[in-house]
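Structure record follows, encoded as structure tokens.
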Amino acid sequence: MIDGGEAVRKLALNIARFTGLAPLAKPFVGGIGAVLMLHRVTATPEKPDGVNRHLNIAPRFLDALVADMKSRGYAFVTLDEAIERIKAGGKDGQFATITADDAYRDNMTEALPVLEKHDAPITIYVAPGLIDGSADLWWDVVEDIVNARERLTLATPKGPVTIDCSTHGKKLHANARLHAYLTLEVREEDQRAVLRDLAHSNGIDLDGLRPSTLMTWDDIRAVAGHRLVTIGAHTVNHRNLKRLDEADARHEIVDVRRQLQAQLGEDPRHLAYPYGYASAVGCREVGFARDAGYASAVTTRHGVLHAEHAGFLHALPRISINGRYQSVAHIRTMLSGVTTPLANAGKMVVTI
């Protein structure tokens with residue numbers, strides 16, 4: 001099945017590149033730097049053709065991208081230094097800082113060796129619930145459920161719904177249907193119970209299991225001591241904060257600091273909002289992050305950094321480095337700044 005949105009975005013990237021618009025525009029709209037966003041980095045994904053493959057890039061692509069950006073004058077800095085450079089208006093030249101969400105184990109085993117080669121720091125955002133198994137990587141579980149069945153029944157308030165999973169195309173539709181159900185129709189607080197009931201009824205036992213794709217606490221403690229690594233917070237349970245009431249949303253943002261302090265002996269200074277798009281984080285959540293004392297917080301809004309972001313340090317955009325766009329040319333175009341207003345209804349300085 002063709003992803004129409006992805007096709008349009010790639011067409012726009014190619015037009016900006018081949019017309020020469022991107023390099024011409026960069027001095028005017030390229031900003032002062034960028035926060036890069038990773039998830040998985042592995043040469044051997046468990047499901048190379050799975051629906052979540054877009055979360056992964058190959059280590060060789062990360063290597064090529066960092067090398068290319070360095071050759072074009074980007075300085076790779078820690079997130080702490082990036083914040084100081086934003087406050088200074090980027091007077092020391094263009095910079096980039098690398099971030100990774102969810103603490104996948106391959107960040108340590110496959111991404112970090114690449115970053116060591118380039119002396120490029122990384123901030124890894126950790127959600128304690130994912131690490132200790134009290135929260136689920138539900139998007140992976142959904143894929144496993146759909147792959148295990150040719151037909152499944154979804155219990156909804158309006159009655160049971162049968163979903164056909166008999167072909168590859170129908171499995172894609174089934175994944176999309178379950179994603180929508182869990183993120184739009186089920187209360188955020190009930191998502192885990194509903195997911196586990198669905199898994200159990202379809203022969204998948206999640207009890208006592210935590211994903212082997214994620215780091216353990218021992219792994220996180222080890223990597224936290226690395227000279228290039230900063231550990232940030234990704235809330236307690238990786239929930240959509242905007243779907244929670246005020247008390248629960250504040251708990252997710254505030255209590256994660258206590259939990260990471262207990263595990264690592266140090267308070268996290270930086271936060272990544274789970275999901276990070278418009279329906280997951282807004283002014284309320286940004287206020288909570290500021291109140292909690294974080295030095296910065298990042299969304300998943302697409303955009304480069306500008307000097308004006310000094311006034312919006314708890315709503316910073318990122319450039320997603322993902323499996324859909326494993327092309328150095330595509331990322332060059334994104335870093336030029338021309339795609340920022342295209343992705344944000346004309347906004348050049350993207351916050352929330």
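The values are calculated or read from the model by the stated rules, or taken from the named source; none is laboratory data. Predicted model only: the values in this text are computed from it and were never measured. Cβ coordinates were reconstructed from backbone atoms using ideal geometry, including for glycine residues, and neighbour counts include every protein chain displayed. Remember, those area values only see protein heavy atoms, side chains included, never the ligands or the DNA or RNA. Shrake-Rupley method; radii C 1.70, N 1.55, O 1.52, S 1.80 Å.
Computed values, structure above
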quantity	calculated
Qualifying position, being under 20 Å from Ser134 (Cα atoms) and at pLDDT 95 or above, among Asp267, Asp291, Asp255	Asp255
Matching strands (runs of 3 or more DSSP E) fully within the stretch 218-330 where at least 2 residues are without any contact (Cβ under 8 Å) to a residue 24 or more places away in the chain and within 26 Å of Gly93 (Cα to Cα)	none
Unique match (being under 15 Å from the mean Cα position of the chain (by Cα), farther than 19 Å from Asp136 by Cβ and of a type in the set (A, V, I, L, M, F, W, C)) among Ala297, Ala272, Ala292	Ala297
Among the candidates Ala58, Ala75, residue that is closer than 26 Å to Tyr277 by Cα, surrounded by fewer than 20 Cβ atoms within 10 Å (Cβ to Cβ) and of a type in the set (A, V, I, L, M, F, W, C)	Ala58
Sole residue being of a type in the set (A, V, I, L, M, F, W, C) and open to solvent by less than 30 Å² (accessible area, probe 1.4 Å), chosen from Val194, Val236	Val236
Failed item in (1) hydroxyl-bearing (Ser, Thr, Tyr); (2) modelled with pLDDT under 95; (3) open to solvent by 40 Å² or more (accessible area, probe 1.4 Å), with Thr156 passing the rest	(3)
Test result for Lys10, at pLDDT below 95, of a type in the set (D, E, K, R) and open to solvent by 50 Å² or more (accessible area, probe 1.4 Å)	yes
Matching helices (runs of 4 or more DSSP H) fully within the stretch 4-92 where at least 3 residues are under 30 Å from Tyr294 (Cβ atoms)	59-71, 79-87
Pairs, first among the hydroxyl-bearing types (Ser, Thr, Tyr) in the stretch 170-198, second at pLDDT 95 or above and buried (at least 16 other Cβ atoms within 10 Å of the Cβ), C-beta under 7 Å, six or more apart	Thr183/Asn240
Residue that is farthest from Ile231 (Cα to Cα) [pool: residues in the stretch 83-141 that are without any contact (Cβ under 8 Å) to a residue 60 or more places away in the chain and of a type in the set (Lys, Arg)]	Lys91
Members of the stretch 1-43 that are more than 22 Å from the chain's Cα centre (by Cα), free of Cβ contacts under 8 Å to residues at least 24 places away in the same chain and closer than 14 Å to Leu342 by Cα	Leu11, Asn14, Ile15
Filter pass, Val51 being out of contact with any Ser or Thr (no Cβ under 7 Å at 6 or more places or on another chain), of a type in the set (A, V, I, L, M) and within 23 Å of His168 (Cβ to Cβ)	yes
Meets criteria (farther than 23 Å from Arg196 by Cα, open to solvent by less than 30 Å² (accessible area, probe 1.4 Å) and polar (S, T, N, Q)) for Thr123	yes
